[in-house]
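The values are calculated or read from the model by the stated rules, or taken from the named source; none is laboratory data. Owing to the predicted nature of the structure, the values given are computational and were not obtained by experimental measurement. Ideal geometry is used to build each Cβ from the backbone, glycine not excepted, and the neighbour counts take in all protein chains shown. SASA here: full protein model, heavy atoms, side chains in, ligands and nucleic acids out. Shrake-Rupley method; radii C 1.70, N 1.55, O 1.52, S 1.80 Å.
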Amino acid sequence: MEVPIGFLAKLWSFISFLPVFLLLFILGVIKAALFGPISAIIIFTGNSAVVIGLWPAHFLWTYYCVAKTKRLGLTLKVFVLVTLPLPLVLWPVIGVTGNLLVGIGYGFFTPLIATFEATGENVKEKIVRYFVDGSWSTVEGSCTIVVDFTDFFFHSYFSFMDELSEQVPDDEKPMDIKLLKLPSCLLVSLLAIPVDVLLITAVALCKSPYMLFKGWKRLLEDLIGREGPFLETVCVPFAGLAIILWPLAVLAGVISAFISSFFLGFYAGVIAHQEDSLRMGLAYIVSVVSMFDEYTNDLLYFREGSCLPRPKYRRNMITSSSLHERTLSIEKESNHWNSERVVSHGSKLVSEKSKLKWAIQQLRPVQVWDWLFRSCEVNGRILLREGLIDVKDIEECILKGKCKKLGIKLPAWCILQCLLSSVKSNSPGLLISDDVDMTRFNWPKDKVFEWFIGPLMIIKEQIKGLQLNENEEACLRNLIMTCNNEKPQDWDNTGFPSDDSVRRAQLQAIIRRLQGIVASMTRIPTFRRRFRNLVKVLYMEAIKTAASESEAGGGSSRSKSHSKKYVLASQEAGSSKFKVISNNFGEKGHEEARTDTMDDKINDNGSIV
């Protein structure tokens, strides 16, 4: 696109932009006023009911699991049990207040942002989308938030607590603290919290005006000159919105600094325990303020370092001389990079444009989830026809909550298929479709996904090093669905081509790691919601397959009985069976997931994530 050059061109670009922005902003505010209250009421009422309703169970079960766990030593366990009432009593208040703020924020900002997103270059029927986007979809999104929130606190939370109370390997030492160190650690934490909260909040408040006006200046310059993040047409409508909402971002930064200061102050007690020194803990109280000041200076592009004192709070800490040498080397590299940059204005815009295109091509978490469950649906249909999944497996998942085969093995099978395809195509990342390659440069910038995708990249390299042939790959796909894969002897009568016990053990370890990764994924609410839809699809496919076999008359007596059973169940119960999925999968499904994760940690030294 043509970038305005000169004062008059930039002024005309700014003036012509204002009417479009004002109309979109007013329309977004109107939609937020209409649908925002409904969305806020749904989120606040639904989530608050979950928080208050499950609070007694959370209170008792947390105490029970902490008292039962072997992962904590006696001293630390007693300390945790004594201090637990405070956060548990405050949790309903924090939960209700947080849900109120989330409901208001989601109800207002979602219609507003959706209105501006309708200006994208690839959006068809923009006039209609201006009015439709962010209206009823906001209400539907609020219902999804309540469902995911309920899944997490009704299923995932208890799964985490149950894992805490599980038996630990004999070679794993419990986490503990020394009783003699406890008074000094508590003293340091009690001193650090008020001091650090006051000083860190003061630093954040002092830097907030600079952050506000410096951000406004940069956004206005980029908007008028169509540089930086507003170079492309698709991003221009968000410019005014970003300028208006920037004070809220500054306020959120100050609030975040205030909240994090409590944890930073409490960590002083941890320093005193780790270094076995009261003096080191007191030194950390002063040093953390200096580190926070230096962090804000880097964020606002101020002078490096901090004018505040930073005493040494670790015995094996980097000295000031080595830190100075490191700073000089960084400056040298920065000067070398700056000297190689092209100074011309046009080349600068081309560079920024390429960076923006790279950012737009970043994969979003929803795209990865779509790929995984679309793959599970397609491969699940194939496995149904091949007999690796049958109607009995789906029945056990729906009625009894035994979802290991569908909820653990099937996604692991799909991920293994992706890894094998990536190795064959010599892809630098994970080949999730014919034209999409997920690498370290474009995968979702989300910590949760990094925990999952990082180990998958390592497993891909391990598979590449094993150099599997086609017979081994085909057999491996069957074994991941049919065998326990706990020891090499499990594959003796499976027809696996290789008799090498070491090779078998390596492949079984890979399968266990994949199943452990999937078991961790099952605790994410998004996974649970999509998994219920997957079971519905496979259930209907199983009914259709069984009915067709019954009509053809070529199936076995067992297939006919299953067909009659499922057709009758579908006629009598309809969709009521699927209401059982959520409860049963929560009661038994997460236990299987927890067992898989535990087995994986025992067999593979905890290197799942």
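General remarks:
- Isotropically averaged projected area of the range 178-315, using the convex hull of Cα atoms (one quarter of hull area), nm²: 9.9 nm²
- Hull volume in cubic angstrom per residue (convex hull over the Cα atoms of the range 365-530): 119 Å³
- Figure note: Phe373, Phe160 ranked by solvent-accessible area, largest first, 1.4 Å probe, ligands and nucleic acids not counted: Phe160, Phe373.
- Accessible area (Å², per residue) of the range 384-527, counting only protein heavy atoms and a probe of 1.4 Å: 44 Å²
- Extension gain for Leu100 to Leu278 (0.36 nm times residue separation, less C-alpha to C-alpha distance): 59.9 nm.
- When Ser520, Ser422 are compared by accessible area of protein heavy atoms, the largest-first order is Ser520, Ser422, using a 1.4 Å probe.
- Counting heavy atoms of the protein chains alone, Met175 has an accessible area of about 130 Å² for a 1.4 Å probe.
- Straightening the chain between Asn426 and Trp136 buys 100.0 nm, computed as 0.36 nm per residue apart minus the Cα-Cα spacing.
- A cut-off of 5 Å between modelled amide H atoms, ignoring neighbours fewer than 5 places along the same chain, links Leu430 with Met438, Thr439.
- Shown for the range 178-315: lysine pairs separated by 8 or more places, or found on different chains, whose C-alpha atoms are under 29 Å apart, numbering 4.
- Residue-normalised accessible area of the range 1-176, given per residue in Å² at a 1.4 Å probe: 57 Å²
- Note on the range 1-176: Rg/Rh from Cα positions, Kirkwood definition for Rh, rounded to two decimals, is 1.23.
- Listed peptides 375-381, 446-452 by packing density, highest first (mean Cβ within 10 Å): 375-381, 446-452
- Applying 1/(1 + (r/R0)^6) with r as the Cβ-Cβ distance of Asp176 and Asn484 and R0 = 41 angstrom yields a FRET efficiency of 0.75.
- Accessible carbon and sulfur surface of the range 365-530 relative to its total accessible area, %, 1.4 Å: 48 percent
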